[in-house]
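Trainee: Here it is, the structure, as structure tokens.
The values are calculated or read from the model by the stated rules, or taken from the named source; none is laboratory data. Note that this is a predicted model, so its numbers are computed, not measured. Quick reminder, even Gly has a Cβ in these numbers, built from the backbone with ideal geometry, and neighbours come from all protein chains shown. Side chains included, ligands, DNA and RNA excluded: accessible areas come from the protein's heavy atoms. Shrake-Rupley method; radii C 1.70, N 1.55, O 1.52, S 1.80 Å.
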Amino acid sequence: MFGILGGSGLTSFAELEIDRREVVRTPWGEPSGPVTIGRIDGVPVAFLPRHGHGHTIPPHAINYRANLHALKALGVEGVIAVASVGGVRDDMQPGAIAVLDQMLDYTWGRDSTYFDGPERPVTHIDFTLPYDPALRERLLAVAGGEGHVLIDGGCYACMQGPRLETAAEIDRVERDGADVVGMTLMPEAALARELDLPYAALAVVVNHAAGRGDSKHSISTTEIGRVLEIAMGNVRALIVSFVRESGAHPA
Ligand code: HPA
């Protein structure tokens, strides 16, 4: 079964024929909400909006451990994470969609591993490539074949939020190598790796990062909303193509 983790602007998935909603209890507490389970073209898919169905959970308060554990427990074998981002690199313009390939983590105070507690051995996962290379390649191949325009690669800087950044912070993350900024893919991606769950991420650029482009002085949330709506329609179309092409083989 495919897992889809939706972000801002993707709290429901119209193309999913819903079979049921499942409340999953986990040793790590409550996920962001019930998981919606259904089918796209007959292929089973589990959908979980990480901010909750009503978009009420801020990035630092998301129970990432419970979310990933719940998807794994339901039999999910591959996760596509969708995240809205601010564009740092010049070609990361509002409306662009990137299949990320790297990550910088600036978050703090989030529960970021399953390997803590007295009875769990200290474990250091390999995270050289934070997204599953095979899943990335397949997403790019399907997109190319169906005429969806995707940017191949991008380094995501995960910020603590919930506030947006200062212009100086964006200059700093750019010097560090970031192409886009968001608030939610860490520790999510690392937890997926700890569970051995193939995970790839689609970053949807919804605004120029602080101090860039036409957001020299401020970022307009009205503008973000407008771009989000159009871009998430494109993301859903891409995911539908991907699920259809992959059949029952997420990973
Ligand atoms: N910064 C951080 N997270 C974001 C942004 C941004 O500019 N846009 C959407 N998510």
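Trainee: I'd like to know if region 105-117 contains one or more residues that are more than 26 Å from Tyr156 (Cα to Cα) and in contact (Cβ under 8 Å) with a residue 60 or more places away in the chain.
Mentor: no
Trainee: May I pose another question? Quickly run through region 169-186 and pick out the residues that are of a type in the set (Gly, Ala, Ser) and more than 14 Å from the ligand (Cβ to nearest atom). Quick ask: steps written out before the conclusion?
Mentor: First pass over region 169-186, keeping only residues of a type in the set (Gly, Ala, Ser): 177-178, 182.
Result: Gly177, single match.
Trainee: Pick out, from region 1-92, the strands (runs of 3 or more DSSP E) lying fully within it that include 1 or more residues that are within 16 Å of the ligand (Cβ to nearest atom), modelled with pLDDT of 95 or more and aliphatic (A, V, I, L, M). Reasoning before the result, please.
Mentor: Values: elements: 2-6, 17-22, 35-40, 43-49, 78-87.
Strands (runs of 3 or more DSSP E) meeting the threshold: 2-6, 78-87.
Trainee: In region 175-202, how many are among the acidic types (Asp, Glu), assigned to a loop (DSSP other than H, G, I, E, B) and open to solvent by less than 30 Å² (accessible area, probe 1.4 Å)? Explain how you work it out, then say what you get.
Mentor: Filtering region 175-202 down to residues among the acidic types (Asp, Glu) leaves 176, 179, 188, 194, 196.
Subsequent filtering for residues that are assigned to a loop (DSSP other than H, G, I, E, B) retains 179, 196.
If we keep only those that are open to solvent by less than 30 Å² (accessible area, probe 1.4 Å) too, we end up with 179.
Final tally of qualifying residues: 1.
Quick grid of which residues meet (1) within 21 Å of the chain's Cα centre (by Cα); (2) within 30 Å of Glu169 (Cβ to Cβ):
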{"position": "Thr107", "(1), (2)": "yes, yes"}
{"position": "Asp111", "(1), (2)": "yes, yes"}
{"position": "Gly117", "(1), (2)": "no, no"}
{"position": "Arg120", "(1), (2)": "no, no"}
{"position": "His124", "(1), (2)": "no, yes"}
{"position": "Leu129", "(1), (2)": "yes, yes"}
{"position": "Ala134", "(1), (2)": "yes, no"}
{"position": "Ala143", "(1), (2)": "yes, no"}
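Results for (1) of a type in the set (Lys, Arg); (2) within 11 Å of the ligand (Cβ to nearest atom), shown as yes or no for each residue.
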| position | (1), (2) |
| --- | --- |
| Asp152 | no, no |
| Cys158 | no, yes |
| Arg193 | yes, no |
| Asp196 | no, no |
| Arg236 | yes, no |
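Trainee: Specify which of the listed residues (Ile219, Ile224) is among the β-branched types (Val, Ile, Thr), in a loop (DSSP other than H, G, I, E, B), within 11 Å of the ligand (Cβ to nearest atom) and farther than 18 Å from Leu5 by Cβ. Lay out the reasoning, then the answer.
Mentor: On the way: Ile224 fails: in a loop (DSSP other than H, G, I, E, B).
Sole residue among the options that is among the β-branched types (Val, Ile, Thr), in a loop (DSSP other than H, G, I, E, B), within 11 Å of the ligand (Cβ to nearest atom) and farther than 18 Å from Leu5 by Cβ: Ile219.
Trainee: Also: Looking at region 84-97, I want the residues that are more than 11 Å from Val204 (Cβ to Cβ) and have a partner that is more than 10 Å from the ligand (Cβ to nearest atom) and at pLDDT below 95 with Cβ atoms under 9 Å, at least 6 apart or on another chain. Which pairs are those?
Mentor: Here the result reads Asp90/Gly213; Gln93/Gly213, each pair linking region 84-97 to a residue that is more than 10 Å from the ligand (Cβ to nearest atom) and at pLDDT below 95.
One line per residue, one yes/no per condition, for (1) over 25 Å from Ser246 (Cα atoms); (2) out of contact with any Gly (no Cβ under 8 Å at 6 or more places or on another chain):
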| residue | (1), (2) |
| --- | --- |
| Ile18 | no, no |
| Ile37 | no, yes |
| Leu48 | no, no |
| Ala61 | yes, yes |
| Ala83 | no, no |
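Trainee: Now for a separate question. Can you find, within region 37-67, the residue that is least open to solvent (accessible area, probe 1.4 Å) among those that are more than 30 Å from Arg163 (Cβ to Cβ) and not aliphatic (A, V, I, L, M)? So that I can check it myself, show each step before the final result.
Mentor: We begin by selecting, within region 37-67, every residue more than 30 Å from Arg163 (Cβ to Cβ); these are 37-46.
Within this subset, residues satisfying the condition of being not aliphatic (A, V, I, L, M) are 38-39, 41-42, 44.
Working: Gly38: 2, Arg39: 82, Asp41: 97, Gly42: 51, Pro44: 57 Å².
If we take residues in region 37-67 being more than 30 Å from Arg163 (Cβ to Cβ) and not aliphatic (A, V, I, L, M), then Gly38 is least open to solvent (accessible area, probe 1.4 Å).
Trainee: Next up: Could you list, in sequence order, the residues of region 1-36 that are closer than 19 Å to Tyr199 by Cβ and among the aliphatic types (A, V, I, L, M)?
Mentor: Met1, Ile4, Leu5, Leu10, Val24, Val35
Trainee: Give all pairs with beta carbons closer than 7 Å in which a residue from region 231-242 that is closer than 13 Å to Ala203 by Cα meets a residue that is β-branched (Val, Ile, Thr) and open to solvent by 10 Å² or more (accessible area, probe 1.4 Å); count only pairs at least 6 apart in sequence or on separate chains.
Mentor: Ala231/Ile97; Asn234/Ile97; Val235/Ile97
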